[in-house]
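Written out below as structure tokens is the structure these notes cover.
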Amino acid sequence: MVAVETGQTEKRKFTRRPLHRVVSFALKQETGGNIWYLGWVQDASVAGMKISVNRPEAVRVGESITVLCLPGGEQRVQGQEPVQIRAEVVWQSEDGLQFGVRYC
């Protein structure tokens with residue numbers, strides 16, 4: 001196990017690799033709809049990813065979210081559709097500007 005910046009213990013089974021991609025993510029609302037936000041993937045593994053945002057969003061640990069990633073990065077590649085990933089929020093930084101998700 002490896003110590004992380006927040007003083008917590010690292011519990012990941014898979015190594016994360018740096019990845020800088022713009023993503024959209026949706027939080028389910030009690031009304032049944034989704035609210036979409038913009039963020040940036042900082043790193044990712046086969047099991048999850050870390051997302052950063054410009055302002056604290058209404059993300060809570062244990063919440064299910066949907067992440068949309070563009071295959072070509074910020075510029076959409078003609079004929080390729082965004083990849084939709086379902087995930088669960090497993091941690092959030094104290095300032096609310098970063099959170100980690102595990103793929104469902």
Could you list log10 I(q)/I(0) for the range 17-103 at q = 0.17, 0.19, 0.23, 0.26 Å⁻¹, which the Debye formula gives when each Cα is one point scatterer? -0.67, -0.83, -1.19, -1.46
Which ³J(HN,Hα) values in Hz, rounded to whole numbers, follow from the phi angles of the range 89-100 under the Karplus curve 6.51 cos²θ - 1.76 cosθ + 1.60, where θ = phi - 60° and Gly and Pro get x? 6, 10, 7, 9, 5, 4, 7, x, 8, 9, 8, x
Sorted by Cβ neighbour density within 10 Å, fewest at the top, the residues F25, F14: F14, F25
A correct Karplus calculation of ³J(HN,Hα) over the range 42-57, with 6.51 cos²θ - 1.76 cosθ + 1.60, θ = phi - 60°, whole Hz and x for Gly and Pro, returns 8, 7, 8, 9, 6, 10, x, 8, 10, 10, 10, 9, 7, 9, x, 9
Want the number for E30 to N54: 0.36 nm per residue separation, take away the alpha-carbon distance, what's left? 6.2 nm
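Only the coordinates and a few stated rules stand behind these numbers; no lab work does. Just so it is clear, the model here is predicted, and its values are computed rather than measured. Every residue, glycine among them, receives a Cβ derived from its backbone with ideal geometry; neighbour counts consider all protein chains shown.
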